[in-house]
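First the structure, in the form of structure tokens, and then the observations on it.
Just so it is clear, none of the values below were taken in a lab; they were calculated from the coordinates. Owing to the predicted nature of the structure, the values given are computational and were not obtained by experimental measurement. Glycine also receives a Cβ, built like all others from the backbone with ideal geometry; neighbour counts cover every protein chain displayed.
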């Protein structure tokens, strides 16, 4: 890998402090232990008020537009939401409603969620994957679901959850690395260098 991976993490939690944000931060930290990355965290607790009332992207303030551009140009997204009424939070969906339909094509996306019990674990398969399939993004194979008993005082205390995060990152690395190499090769070709197609 010739340059740091641009990682943008999005926490759909509406609370601060937040177990979901802690989960996102730990996934990013696990990535940083294995890859050179530059990370940026977007929390809906901070960004959410600037989305309120906007019906089109043109109505958003400059601060929200900057965050959308970060999402659209990321090498890797880490997205998570607490389970709310059997889905991700409304503001999480509202944010991605403003993302350009084709900006995330082939972008790797690490999926995560948190909830009050294990009964909500399928949110990753039933809600997150269809949303990012619409964007033609590359959802990574192993998602991470955490429930309340995995945390104490907004820290991950369950070693099993920590192990699942490490395993998910390890399984994702080949796809992430291959995707970045291809992306960089295309960028070089567009800059006038020769593109080698094997």
Alpha carbons only, please: Rg and Dmax for the chain, in angstrom. 16.8, 54
Using Cβ contacts closer than 10 Å as the measure, can you line up 166, 182 from fewest to most? 182, 166
Using label points projected 7 Å from each Cα along Cα→Cβ, tell me how many nm separate residue 163 and residue 142, to one decimal. 1.1
Part-to-part distance (alpha-carbon centres) for segment 51-65 and segment 11-37, which is given in Å: 25
Per the helix-only calculation at 222 nm, which mean residue ellipticity applies to the chain, given -39500 (n - 2.57) for every DSSP H run of n ≥ 4 and division by its residues, nearest 500 deg cm²/dmol? -12500 deg cm²/dmol
On alpha carbon coordinates alone, what is the Rg over Rh value for segment 116-198, Rh being the Kirkwood radius? 1.14
Residues 25, 67 in order from fewest to most other beta-carbon atoms within 10 Å are 25, 67
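How do 92, 151 rank when sorted from fewest to most other Cβ atoms within 10 Å of their own Cβ? Walk me through the intermediate numbers first.
Working: 92 26, 151 17.
In increasing order of surrounding Cβ atoms, one gets 151, 92.
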